[in-house]
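Undergrad: One structure, as structure tokens, below. Some questions next.
The values are calculated or read from the model by the stated rules, or taken from the named source; none is laboratory data. Everything numeric in this text was worked out from a predicted model, so none of it was measured. We place every Cβ from the backbone using ideal geometry, glycine too, and count neighbours over all the protein chains shown.
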Amino acid sequence: MPHRPYVIDQMISAKAISARVEALSHEITAHFKGTNKLIVVGLLRGSFVFIADLVRELDLPVEVDFLEASSYGDAMSSSREVRILKDLRGEIAGRDVLVVEDIVDTGFTLSHVVRLLKSREPKRLEVCVLLDKPSRREVDIKATWTGFQIPDEFVVGYGIDFAQRNRNLPYIGKVRFTD
């Protein structure tokens, strides 16, 4: 299916992202200091670049697991129906857990995932998101740590896609249609 032509205007530089990831890692390390192992749960697919950079900066014993949830498909807006496409491999009961998400928009996906994971009785469960769009929130959910608060723009890059394109950009850019 052909897509409308678009360009990408840079919003957040690779350098700004790197500096923010380093700062977040220091806060997360301090918060979980003394843990015997932090289970970092990445929400696929958009957060994979963020997770890779973040865990390399954490000064903690870390285990990484992934969960894939979807409420978008190839659309630009949430369907509000959250489906779990891939569940965790490991157990989180009694463990310290950090959920890492690329972007919080309406909040439906993150809220669903947090409820699901809390039902598995982790010792502690915190959330770190790269991008937050509070103007779009429809569900009361707030991350423990936020990289950047952004306006209501459709963004790509640094792992975030538009119909599986543009994940490889080293920066965050907003999509602007040219037709």
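This table checks each residue for (1) in contact with a helix residue (DSSP H, G or I) (Cβ under 7 Å, 6 or more places away or on another chain); (2) surrounded by fewer than 18 Cβ atoms within 10 Å (Cβ to Cβ); (3) more than 16 Å from L98 (Cβ to Cβ).
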{"residue": "K123", "(1), (2), (3)": "no, yes, no"}
{"residue": "V127", "(1), (2), (3)": "yes, no, no"}
{"residue": "L131", "(1), (2), (3)": "no, no, yes"}
{"residue": "R136", "(1), (2), (3)": "no, yes, yes"}
{"residue": "D140", "(1), (2), (3)": "no, yes, yes"}
{"residue": "I150", "(1), (2), (3)": "no, no, yes"}
{"residue": "V155", "(1), (2), (3)": "no, no, yes"}
{"residue": "N166", "(1), (2), (3)": "no, no, yes"}
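Undergrad: Tell me whether the stretch 1-15 contains one or more residues that are over 17 Å from the mean Cα position of the chain (by Cα), at pLDDT below 90, of a type in the set (A, V, I, L, M) and over 15 Å from I160 (Cα atoms).
TA: Checked the stretch 1-15: at least one residue is over 17 Å from the mean Cα position of the chain (by Cα), at pLDDT below 90, of a type in the set (A, V, I, L, M) and over 15 Å from I160 (Cα atoms).
Undergrad: From R120, R89, which residue is in a loop (DSSP other than H, G, I, E, B), over 14 Å from G46 (Cβ atoms) and out of contact with any strand residue (DSSP E or B) (no Cβ under 7 Å at 6 or more places or on another chain)? Talk me through it step by step, then tell me what you get.
TA: Numbers: R89 fails: out of contact with any strand residue (DSSP E or B) (no Cβ under 7 Å at 6 or more places or on another chain).
Within the list R120, R89, the selection yields R120.
Undergrad: Looking at the stretch 1-15, which of its residues are in contact (Cβ under 8 Å) with a residue 40 or more places away in the chain and under 30 Å from D59 (Cα atoms)?
TA: Hits for the stretch 1-15 are M11, I12, S13, A14.
Undergrad: Being of a type in the set (A, V, I, L, M), touching a residue at least 24 places away in the same chain (Cβ under 8 Å), closer than 19 Å to I160 by Cα and surrounded by 16 or more Cβ atoms within 10 Å (Cβ to Cβ) narrows it down to one of V100, V55, so name that one. Break it down stepwise before answering.
TA: Values: V55 fails: touching a residue at least 24 places away in the same chain (Cβ under 8 Å).
From the options V100, V55, the qualifying one is V100.
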